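**Student:** Here it is: the structure, laid out below.
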Amino acid sequence: MADVTVNSNICGFVHKIHGKRAGKNIVIDIETDCEKIKKMSHMEIPMDQTLDIKDNYVMTKAQEAQCSSNCLVPCGILNVCRIEMGLLSEGLAKKSGCISIDFR
């Protein structure tokens, strides 16, 4: 099971994303106080619909939930999917720690 925390400092929310591979899907659960992101919790994401940014299950669900274009949660979800699919090393991700966007 992969777990990440997304700190959305701009909107003031912290989101805890949990993912686990289940057959050909990744099951995502999200702990959050954001009403938009709550709509995305407990998704069963087909693995073959996560690789392309345009035709992407997660991005479609983010659009349906009316997430802002600067929301970091879809990116966090996709990273959890990549870990569960074996495309991103969990050890490397943990070693890297935090991914950030710094506004200067």
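**Student:** For region 66-82, check the following and say yes or no: at least one residue is of a type in the set (Val, Ile, Thr) and touching a His at 6+ places or on another chain (Cβ under 7 Å).
**Tutor:** Looking for residues that are of a type in the set (Val, Ile, Thr) and touching a His at 6+ places or on another chain (Cβ under 7 Å), one finds at least one in region 66-82, hence yes.
**Student:** Looking only at region 46-79, count how many residues are within 20 Å of VAL27 (Cβ to Cβ) and polar (S, T, N, Q).
**Tutor:** Adding up the residues that qualify gives 5.
**Student:** Is region 8-21 home to any residue that is among the basic types (Lys, Arg), closer than 26 Å to LYS95 by Cα and in contact (Cβ under 8 Å) with a residue 24 or more places away in the chain?
**Tutor:** So far as region 8-21 goes, yes, one or more of its residues are among the basic types (Lys, Arg), closer than 26 Å to LYS95 by Cα and in contact (Cβ under 8 Å) with a residue 24 or more places away in the chain.
One line per residue, one yes/no per condition, for (1) out of contact with any strand residue (DSSP E or B) (no Cβ under 6 Å at 6 or more places or on another chain); (2) among the charged types (D, E, K, R):
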residue	(1), (2)
THR5	no, no
PHE13	yes, no
HIS18	no, no
ALA22	yes, no
THR50	yes, no
ASP55	yes, yes
SER96	yes, no
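**Student:** Now, a different point. Select from region 36-84 the residues that are of a type in the set (Gly, Ala, Ser) and more than 18 Å from GLY12 (Cβ to Cβ) and write down the one among them that is modelled with the highest pLDDT.
**Tutor:** Ranking the qualifying residues of region 36-84, first place goes to ALA62.
**Student:** What is the residue count in region 60-83 for residues that are hydrophobic (A, V, I, L, M, F, W, C), in contact with a strand residue (DSSP E or B) (Cβ under 7 Å, 6 or more places away or on another chain) and farther than 16 Å from ASN7 by Cβ?
**Tutor:** 2
The values are calculated or read from the model by the stated rules, or taken from the named source; none is laboratory data. Keep in mind that this is a model prediction, so the values were computed, not measured. Please note: Cβ atoms are built from the backbone with ideal geometry, for glycine as well, and neighbour counts cover all protein chains shown.
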